[in-house]
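Scroll down for the structure; my scribbles are underneath it.
Derivation of every value follows stated rules applied to the coordinates shown; laboratory data play no part. It should be emphasised that the depicted structure is a prediction, and the values quoted were computed from it without experimental measurement. Every residue, glycine among them, receives a Cβ derived from its backbone with ideal geometry; neighbour counts consider all protein chains shown.
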Amino acid sequence: MEIQRFSIKQRNELKQHIPLLVTMCDYFTPLNSWMADKIKDVSDIFYAVKGTTILGYVIADKRPTHLEIELICVGTEGRAMKGIGKKLMEACEDAAKTYKLNEIQLDAQHKAEGFYNHLGYTILSKNNSGVRMKKILTA
Ligand SMILES: CC(C)(COP(=O)(O)OP(=O)(O)OC[C@H]1O[C@@H](n2cnc3c(N)ncnc32)[C@H](O)[C@@H]1OP(=O)(O)O)[C@@H](O)C(=O)NCCC(=O)NCCS
């Protein structure tokens, strides 16, 4: 398994994967149009791939004060392999550092709070639909 970064130039290739990216997220089903917009505009997209199989991905966006995780999904096959979500989040940390940003923020589902907590994220706020979390990156 390896983590691949998609440059802005390669984004057109990703359009063919939209139906897969949408269905891979079983906890929340983004719209195809939402995904098409994100793929076009965000600063960072990383795929976890094994051969030609996409096992998971993360979409992140550079903001003035932090890197925002827009969406992370690891499919059933990838989840069984263990460690893919962590590697995708580490790729985002590396990206944030290249932008000289020392903070990552995200909106988590309640059920995923433990995953982010495990990776060093702390709670900024909480409501019925989820948890806002952040991590300060060390050099
Ligand atoms: C949440 C998700 C991205 C995690 O990816 P993953 O590949 O399954 O997670 P990893 O195997 O990399 O887990 C990293 C560590 O976090 C722990 N972990 C994973 N999910 C966890 C959870 N829900 N609660 C607590 N700990 C969790 C793992 O045990 C592992 O610990 P270790 O390093 O000590 O072995 C993935 O399960 C997923 O896509 N789930 C469905 C969609 C989803 O919930 N997305 C996030 C919504 S905000």
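Structure data summary
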{"item": "For the chain, built as a Gaussian network whose Cα springs stay under 10 Å, the top-fluctuating residue of CYS92, CYS25, CYS73", "result": "CYS25"}
{"item": "Cysteines (scope the chain) whose Cβ has no counterpart Cys Cβ under 4.7 Å", "result": "CYS92"}
{"item": "Whole-Hz ³J(HN,Hα) from phi, Karplus 6.51 cos²θ - 1.76 cosθ + 1.60, for the stretch 10-27, glycine and proline x", "result": "8, 4, 4, 5, 6, 4, 5, 8, 3, x, 5, 4, 5, 6, 5, 8, 7, 7"}
{"item": "Distant-in-sequence amide H partners of LEU55 (H built 1.01 Å from N, under 5 Å)", "result": "ALA48, VAL49, LYS50"}
{"item": "Karplus-derived 3J(HN,Hα), 6.51/-1.76/1.60, for each residue of the stretch 51-59, Hz, glycine and proline x", "result": "x, 9, 8, 7, 9, x, 7, 9, 10"}
{"item": "Furthest towards positive pole of dipole, THR52, MET89, SER33, structure part the chain, Cβ charges", "result": "MET89"}
{"item": "Karplus (6.51, -1.76, 1.60) ³J(HN,Hα), θ = phi - 60°, over the stretch 106-115, in Hz, Gly and Pro reported as x", "result": "6, 9, 9, 6, 3, 6, 9, 4, x, 4"}
{"item": "Residues listed by number, the stretch 31-70, amide nitrogen under 16 Å from THR76 label point at 7 Å toward C-beta", "result": "54-56"}
{"item": "Share, in percent, of DSSP beta bridges within the chain that are antiparallel, nearest 5", "result": "90 percent"}
{"item": "Neighbour net charge for VAL131 - beta-carbon separation under 11 angstrom, K R +1, D E -1", "result": "+2"}
{"item": "Net charge dipole size for the stretch 2-136 [Lys, Arg +1 and Asp, Glu -1 on Cβ; Debye, nearest 20]", "result": "160 debye"}
{"item": "Alpha-carbon gyration tensor eigenvalues x 5, square-rooted, for the chain, Å", "result": "22, 18, 15"}
{"item": "Whole-Å distance, taken between Cα centres, linking the stretch 44-72 and the stretch 113-127", "result": "18 Å"}
